[in-house]
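Trainee: Structure below; questions to follow.
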Amino acid sequence: MGAFSPDMRVRAEGLIALYPERRSALIPLCHLAQQEAGYLTRPFMEEIAELTGTTPAEVYGTASFYDMLHTEPVGKYLVGVCTNIACLLQGGGDLLEHAERALGVPAGGTTEDDMFTLEEVECVAHCDKAPAVQVNYRFFGPLTGESFDDLTAKLRAGEYDGVVPPHGTLIRVQRENGIEVPLDEVLAERREMDKAKAARKAAADAAKAKEGN
Amino acid sequence: MSNPETPAVVHITVDGVEVEAMPGEPIIEAAGRAGTFIPRFCYHPRMRAVGMCRMCLVEVSGPRGFSLQPSCYLPVTEGMQVITKSEKVKKAQVGVLEFLLVNHPLDCPVCDKGGECPLQDQTLAYGPGESRFVEEKRHWEKPIEISKLVLLDRERCIQCDRCVRFAREVAGDPFIDFAGRGDNSEVSTFPDGEFTSYFSGNTVQICPVGALTARPYRFKARPWDLEEAESTCTACSFGCRMAVQFSRGEVTRFLGIDSDVVNNSWLCDLGRFAYESLDSEKRLVEPKVRYRSEMAEVSWHDAMSRVGAHIRTFTADHGAGSIAFLGGAGFTNEGIHSFVKLAKTTIGTSLFDADLDGGVPASVVFATPRATLAEALAAKVLVVASADVREELPVLFLRLNDAVKKGLRIVEVSEVETSISALAAERLPLSAARLALALQSGGPDAERLGAAIAAAGEQGDGAVFLVGKSNIADPADVYAALAASASRRWPGAKFLFGNSRANIFGAMDLGAVPGWLPGRVATAPSDDAREIIARAADEPMLLFLLGADPLSEMPDTALVKSALENATVVLIDSFESGAAPYADVLLPLAAYGETAGTTTNFEGRVTRLGRAIVPKGQSKPDYLIAAEIGRELGRPSGPTAPEEIFAEMARELPLYRGLAYAELASNRYPDGLVVPLERKAISIGARPRRLDPIATPGLVAPYHQGPAKPFATEVGAAAAEPGAETPASPRSQLPEVSIDPAAVSVAADGRLRLLLTRRLYRPTAQLAAAPILSKLTAQAEIRVAPATLEAIGKSDGSEVKLRGDHGEEVAVVAKSDKSLPDGVVLGRLGDGANLLLLVKSGTWATHVKVGSN
Amino acid sequence: MTQTDPVPKIVTSRVGLEESWGIKTYLATGGYTALRKALTSMTPEQVADEVSKSNLLGRGGAGFEVGRKWSMLKPAPVRYLVINGDESEPATFKDHMLIENDPHQIVEGTLISAYAVGAARAFIFVRGEFALGLERLQAAVNEAYAHGAIGRNIFGSGFSVDLVVHPGAGAYICGEETALLESLEGKRGFPRIKPPYFPAVMGLYGEPTIVNNVESMSNIPWIVNNGGASFAALGVGRSTGTRIFALAGHVNRPGNYEVEMAKLSFRELVERPEYGGGMRLGRQVKAFIPGGVSAPWFGPDQLDMALSQDDVAKAGSMLGSGSIVMMDDHTCMVRAAWRITKFFWRESCGQCTPCREGSGWIEKMMQRIELGSGREADLDLLLDACDNIAPGLTWPPQQTTICVLGPSIPSSVASAIRMFRDEFLVHIKEGGCPYE
């Protein structure tokens, strides 16, 4: 009945279990939802609200703060051309203009075949390969107009399938273990550690005082 | 609960002048009290400071010299030096205002806020003289409807976070949030979602610009045309203090007044927008009497002749005991006093019951020590055994939500989850009857409650109980027994009661309930409303309905109908309620805002009602109608102005001794006083309210803002609040009420016990007359355990049939609810299906069978 | 001054090795020996003491001593450790490299630090866009689990801790530590208002929390294995150890270079063949940004300054995130400053007025000037608007905002106007950009 498929719902619950408070899983759950639907559909936001003890308005408000989370549909490939300072100095601005012409959409637009959503992005920390482009958060660079066209052609042809993951993107970031030691148990251990530390300090202080005498 | 190590005061300097401040308070408050106003937008004294707008930046001394700091956020510390008027501060103020205006439209001439707008006012006082911004401003579609009541203009929004904070932190309804980022941020609901909060109007009240507007007020008036009368809301018995604003003979809006001891400036939407119905076509504005089968408009003179004739005839033919007065809980104290005198002295009948709900009876209310709200919020533990507080006494819910954050421990006694459950440290899932029986006979349930309130000790010292009728289908005795046995078991505990009709406590105090004379004086018991209705179904009676509609307010609809059909009915109301078709005479009653007087809230706090406009049409205030009837009977009742009637009450009734009508609206007692006054001399000095014109823009009349509070009085004020220890409340007078075990019996053959509740937007004649509020009443529904629906093959949200024990049938929508206990069906009154039909008068528990058809 | 020879590779030793991110390579190159040493032969105080001795300066941008930060942790029953891997400062790409190429080193450093500060749980917050880095870091955590380095009774020491890899979702402001904590709590990334000034007092879920940078953590295993004193022996004065500088812009060899702190000058880093290899096309340096786009710019006359935190601060800027952007004499300074302003405008969280509205307004003015609709009066207006965000335009800056993103906005605009006023005037007089 929920928006998440049964498998993903299990993963969602696993993510929630990693945090002392449920709401911490909100963003990881949004990533998960985008993996399933391509973007954050309303049913997904409603289910995430239920899972994290928030309201749909809060999930929407939070998600809309972040560039990677989309509350409207996007293309199969999010193509982000960096035009920030390092890339700008190496021609990132011209590359974006080329990309707009080549894909026929302005930055922020999605091609008619829903293949590409073009974005002007901020620094992607790939500055030694400027001007850089990210495709579903896989990085390419330095690119020229020509190599950009080559890249998009190959993406269209499916030559990057398996290398560039489908949008959603963090699906391969998968934790194999749950939290092995419950927080309460860890805290009990810390209390003992703190006691031992205090004892060592007391002993050291006593020794120092003795020396002083 | 002050920490002994916390100093009582700290000393700071503001612009070189030494100022005493309270430890922990923000600079902006300390400076304000010393007469230095620091401009602000996001700061609101009743909400957490966030320091977002940066308007309140001042220079503050620190380890590295002076720096600009948000004075709303930074707490005072000993020796702190604050500069509020340097060039640096002024430049920061000009800078912030210039930034705020970068994207703010210059549509002041058409903006509802124009004239009372903090942005406009503070720009004038602190802002740049001219605009240096020549670029294009940000644009949004505008306005958008975020609820049926509230509209949002995102272009005007200055992102101060007041509304979002209110929704999240004060109301606990985070159905709006910021969306987007940077200068593209907007306040937003979930896409296509609604800001469905009972308290949404408060966001309009606190918005410091014209971004949030209320549909009922939009484009209705200009602030400078508004006049204002201070008053008390009568939507429930909590008694929120509010300003009635009006223009050219029309009420234009209500604003909450920041009363420390009552509502902290908040109102619920039902109270705030109640004025919508005042000008309605559906108002009853002419006297009407029945000629054959038709009602005809007549003069007051002719209507009075008819009423007088009825009284004389019934007295002559059946004795004064055939005349009964039902209702009056919505009247002013002066009106109630006049009607009680009319009934009990002039006419000579003892049949008067203002409490159609059958709530906690006066005998228990008067015999238990009453807590003030302040005491309840500061209690060691508060036991809530009442109907859902958010539905019945909405602003009390806000105060409890706030108090819990500040450390109040709530123990809830409720069979079903309510709004309080999320606030409560613990919930005992018991019905009121089961708890009452347990308290009477001991046992594990009583011990559980004892353990839950252990902090209050064996005697219950410092514990406060809020007892109210959690199930409409229960007889009043259940709640009488519950409160009485709790008071016996914990003699140190104090009580508040959840009876929620506006002035029900004033009605009790003034003898408008069976067994009581004015001033909490006991007399011989007499029939209550249910018994009167039962009698009226069988014998000739003359019923005066005082702003009351037994059909929508009392259970056992079949019995009520036959009573109204059988009796001769005189209806005194502002609206043609469901009882109107049965009336022989309709007398138009002045509505809220059209009448002066006083009202008494659930603490026993007597406050003034403001008269803003003249009564509509031929309608008259309650006390005048009583006087007219008295005159018709040849027995004029004496004074006919509210202040004179009040003076008579204060003179004749010890309960009101020491009170003066004029004092109740003075700077000295801006929030009225709790009666009876303590006998010891009280000297609490002037307690004018806090001065913050930015907190509630539009509240400008000087008498409810007042000068800044002297420091000493502020600190001592709460302690000096007169207590409610009633001299006339010895515990020995606590009634012995027995409960029939049938009240907790489990029904056989799959029948379920009916738990019947009301919601805030209940279908009443007044609500039906309010164009927008009327859209908010929900349909009647029941909630049942999922298994119950499965058993009859019905899905969530489909219609089922309820069958009562006496063959009554009601078709109603059923919703599946996992949280419900076994054996219970939760009915929620609303439009459509009439669930009151299922409840038979005089039964201890109502059972129904849920069927598919 | 010359560097120690050879310069020890403290954090980048595995970069370039085959499968440098896998545990096989990591164990073969001394991985997890430091964690074992710390847990089985040192007390938490001894570990913290070595870190204090090393005088390791935080590598996130503010350059606060890691050891001192740890010592400020409020003693409380629940304490957390959060590692900041949200690297988003434009032209900074060192953490990205470390996360992708040596995730185990970060995990090991984090676990040692968790032991030293007694953290109940550790979180590594990684910029969401680093998808590959996240995959490798999470895989490293999974491997470390299997290796017995995470979880219950690590290496039989009696110490248990868990480490959670948390993906961000794209917001520069989450690099600010209190915004990062808000984001980790599942909220909008609004920086928290101060005081409290440090998460060490009130951090994640309101509990005392240490927030350290990824590169800082990468140093910890080496410090434990070699001692704080060996670390402190490298570098000059307070600037100890080595540090990665991310060199970008108009150089022949942009890249990350780990060098000894304060021993080289900017010029040496730019010109030496093993580092920047000189300016592209042999052009002249027109200006450079010494420490991320939040930093005020330097001109060619400051090229001989040492890569020292204190020296750069004294000269009115900062080493910040360790990113150096070189701009040659063919660069339009107006466009460069405009692009940086645009970045801050797009990344302003919107919480407080001066940053939310000021960033957008300044961006609009810069755009106007670059595109030819500027007025001479705009220059003073720009500086005054900047002054209303960072009063006095001093360094270190004052601010009217909640967090330091505000006073970062004026850095580039004010630098550009101050250093290249004539170039602005040419834009205004000619009605457009002379470099087009």
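Trainee: Is the range B:183-202 home to any residue that is touching a Leu at 6+ places or on another chain (Cβ under 6 Å), polar (S, T, N, Q) and away from chain A (no Cβ under 14 Å)?
Mentor: There is no residue in the range B:183-202 that is touching a Leu at 6+ places or on another chain (Cβ under 6 Å), polar (S, T, N, Q) and away from chain A (no Cβ under 14 Å).
Trainee: Looking at the range C:287-302, which of the residues that are among the hydrophobic types (A, V, I, L, M, F, W, C) and touching a Ser or Thr at 6+ places or on another chain (Cβ under 7 Å) is surrounded by the most Cβ atoms within 10 Å (Cβ to Cβ)?
Mentor: So the residue we want is C:Val293.
Trainee: Looking at the range C:211-243, which of its residues are in a strand (DSSP E or B) and either touching a helix residue (DSSP H, G or I) at 6+ places or on another chain (Cβ under 8 Å) or closer than 21 Å to C:Thr110 by Cβ (or both)?
Mentor: Those that are in a strand (DSSP E or B) and either touching a helix residue (DSSP H, G or I) at 6+ places or on another chain (Cβ under 8 Å) or closer than 21 Å to C:Thr110 by Cβ (or both): C:Val211, C:Asn212, C:Asn213, C:Ser239, C:Thr240, C:Thr242, C:Arg243.
Trainee: Another question, then. What about B:Ala483, is it in contact (Cβ under 8 Å) with a residue 24 or more places away in the chain, farther than 22 Å from B:Ala376 by Cβ, outside the structural domain of B:Arg758 (by TED's automatic domain parsing) and under 24 Å from the mean Cα position of the chain (by Cα)?
Mentor: Spelling it out, it is not the case that B:Ala483 is in contact (Cβ under 8 Å) with a residue 24 or more places away in the chain, farther than 22 Å from B:Ala376 by Cβ, outside the structural domain of B:Arg758 (by TED's automatic domain parsing) and under 24 Å from the mean Cα position of the chain (by Cα).
Trainee: Pick out the one residue from C:Gly432, C:Gly360, C:Gly406, C:Gly350 that is buried (at least 22 other Cβ atoms within 10 Å of the Cβ) and not in a helix (DSSP H, G or I).
Mentor: Unique residue meeting the criteria: C:Gly350.
Listed here are the residues, each with its yes/no results for (1) farther than 24 Å from B:Pro763 by Cα; (2) at pLDDT 95 or above; (3) not aromatic (Phe, Trp, Tyr).
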| position | (1), (2), (3) |
| --- | --- |
| B:Ser552 | no, no, yes |
| B:Asp556 | no, no, yes |
| B:Thr568 | yes, yes, yes |
| B:Ala580 | no, yes, yes |
| B:Leu587 | no, yes, yes |
| B:Gly593 | no, yes, yes |
| B:Ala596 | yes, yes, yes |
| B:Arg605 | yes, yes, yes |
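Trainee: Let me ask you something else. With within 22 Å of B:Asn333 (Cβ to Cβ) and modelled with pLDDT under 85 as the only criterion, which of B:Ile682, B:Ile645 stands out?
Mentor: The unique qualifying residue is B:Ile682.
Trainee: One residue is enough: does the range C:321-342 have a residue meeting the conditions within 17 Å of B:Arg181 (Cα to Cα) and more than 10 Å from chain B (Cβ to nearest Cβ)?
Mentor: yes
Trainee: Consider C:Pro410 against the criteria (1) under 19 Å from C:Glu176 (Cα atoms); (2) free of Cβ contacts under 8 Å to residues at least 12 places away in the same chain: it satisfies all of them except one. Which criterion is unmet?
Mentor: Against the list (1) under 19 Å from C:Glu176 (Cα atoms); (2) free of Cβ contacts under 8 Å to residues at least 12 places away in the same chain, C:Pro410 comes up short only on (2).
Trainee: Can you go through C:Ala114, C:Ala179, C:Ala146 and tell me which one is among the small types (Gly, Ala, Ser), more than 7 Å from every other protein chain (Cβ to nearest Cβ), surrounded by 21 or more Cβ atoms within 10 Å (Cβ to Cβ) and more than 24 Å from A:Tyr137 (Cβ to Cβ)?
Mentor: Checking each option against the conditions leaves just C:Ala114.
Trainee: Which of the residues that make up the range A:41-77 are facing chain B (nearest Cβ under 9 Å), hydroxyl-bearing (Ser, Thr, Tyr) and outside any helix (DSSP H, G or I)?
Mentor: The answer is A:Thr54, A:Thr55, A:Ser64, A:Tyr66, A:Thr71.
Trainee: Hey, another quick one. Taking the residues in the range B:789-804 that are surrounded by 15 or more Cβ atoms within 10 Å (Cβ to Cβ) and not β-branched (Val, Ile, Thr) as candidates, determine which candidate is nearest to B:Asp556 (Cα to Cα).
Mentor: Here the answer is B:Gly804.
Trainee: Just to verify a result, which residue in the range C:151-176, among those that are within 25 Å of C:Leu134 (Cα to Cα), in a loop (DSSP other than H, G, I, E, B) and within 10 Å of chain A (Cβ to nearest Cβ), is farthest from the chain's Cα centre (by Cα)?
Mentor: C:Arg152
Trainee: Restricting to the range C:353-402, count the residues that are touching a residue at least 24 places away in the same chain (Cβ under 8 Å) and in contact with a strand residue (DSSP E or B) (Cβ under 7 Å, 6 or more places away or on another chain).
Mentor: Going through the range C:353-402 one residue at a time, the tally reaches 1.
Trainee: Can you name the condition, by its number, that C:Asp102 falls short on among (1) at the interface with chain A (Cβ under 8 Å from one of its Cβ atoms); (2) over 25 Å from A:Asp67 (Cβ atoms); (3) buried (at least 24 other Cβ atoms within 10 Å of the Cβ)?
Mentor: (1)
Trainee: Within the range C:182-193, take every residue that is part of a loop (DSSP other than H, G, I, E, B) and more than 9 Å from every other protein chain (Cβ to nearest Cβ) and give me the one that is surrounded by the fewest Cβ atoms within 10 Å (Cβ to Cβ).
Mentor: Within the range C:182-193, the match that is surrounded by the fewest Cβ atoms within 10 Å (Cβ to Cβ) is C:Arg192.
Trainee: Count, please, the residues in the range A:142-195 that happen to be in a helix (DSSP H, G or I) and either more than 10 Å from chain C (Cβ to nearest Cβ) or surrounded by fewer than 18 Cβ atoms within 10 Å (Cβ to Cβ) (or both).
Mentor: 22
Trainee: Another question, if that's okay. Residues to consider are C:Val82, C:Val66, C:Val51, C:Val47; find the one that is more than 10 Å from chain A (Cβ to nearest Cβ), closer than 29 Å to A:Lys195 by Cβ, out of contact with any Phe, Trp or Tyr (no Cβ under 9 Å at 6 or more places or on another chain) and at pLDDT 95 or above.
Mentor: One residue alone meets the criteria, C:Val66.
Trainee: Only one of C:Lys74, C:Lys94, C:Lys37, C:Lys9 is within 11 Å of another protein chain (Cβ to nearest Cβ) and not small (Gly, Ala, Ser). Can you tell me which?
Mentor: Being within 11 Å of another protein chain (Cβ to nearest Cβ) and not small (Gly, Ala, Ser) holds for just one of C:Lys74, C:Lys94, C:Lys37, C:Lys9, which is C:Lys94.
Trainee: Among the numbered criteria (1) at pLDDT below 95; (2) in a helix (DSSP H, G or I), which one does B:Gly506 miss?
Mentor: Status for B:Gly506: all satisfied but (1).
Trainee: Only residues that are part of a helix (DSSP H, G or I) and either facing chain C (nearest Cβ under 10 Å) or farther than 17 Å from B:Asp121 by Cβ (or both): list them for the range B:94-108, please.
Mentor: B:Val94, B:Gly95, B:Val96, B:Leu97, B:Glu98, B:Phe99, B:Leu100, B:Leu101, B:Val102
Trainee: May I pose another question? Residues being outside any helix (DSSP H, G or I) and at the interface with chain B (Cβ under 8 Å from one of its Cβ atoms): count how many of those fall in the range C:363-388.
Mentor: 1
Trainee: Which numbered condition trips up B:Ala376, out of (1) in contact with a helix residue (DSSP H, G or I) (Cβ under 6 Å, 6 or more places away or on another chain); (2) within 23 Å of B:Thr607 (Cα to Cα); (3) small (Gly, Ala, Ser)?
Mentor: It fails just one condition, (1).
Trainee: I need the full set of residues from the range B:126-176 which are β-branched (Val, Ile, Thr), within 14 Å of chain C (Cβ to nearest Cβ) and either part of a loop (DSSP other than H, G, I, E, B) or under 22 Å from the mean Cα position of the chain (by Cα) (or both), in order please.
Mentor: Selection gives B:Val134, B:Ile158, B:Ile176.
Trainee: Out of (1) buried (at least 24 other Cβ atoms within 10 Å of the Cβ); (2) assigned to a loop (DSSP other than H, G, I, E, B), what's the single condition that is false for A:Cys30?
Mentor: With respect to (1) buried (at least 24 other Cβ atoms within 10 Å of the Cβ); (2) assigned to a loop (DSSP other than H, G, I, E, B), A:Cys30 is out only on (2).
Trainee: Starting from the range B:27-52, keep only residues that are away from every other protein chain (no Cβ under 14 Å), then list their pairs with residues that are surrounded by fewer than 22 Cβ atoms within 10 Å (Cβ to Cβ) and among the aromatic types (Phe, Trp, Tyr) whose Cβ atoms are within a distance under 7 Å, requiring at least 6 positions of separation or different chains.
Mentor: B:Arg33/B:Phe711
Trainee: For A:Asn84, all conditions in the list (1) at pLDDT 95 or above; (2) farther than 26 Å from C:Ser412 by Cβ; (3) more than 13 Å from chain B (Cβ to nearest Cβ) hold save one; what is the number of the exception?
Mentor: (2)
Trainee: Still on this structure: Of all residues in the range B:106-133, which are at pLDDT 95 or above and β-branched (Val, Ile, Thr)?
Mentor: Across the range B:106-133, the qualifying residue is only B:Thr123.
The values are calculated or read from the model by the stated rules, or taken from the named source; none is laboratory data. In this text, all values refer to a predicted model and were calculated from it rather than measured experimentally. Cβ atoms come from the backbone with ideal geometry, glycine included; neighbour counts cover every protein chain shown.
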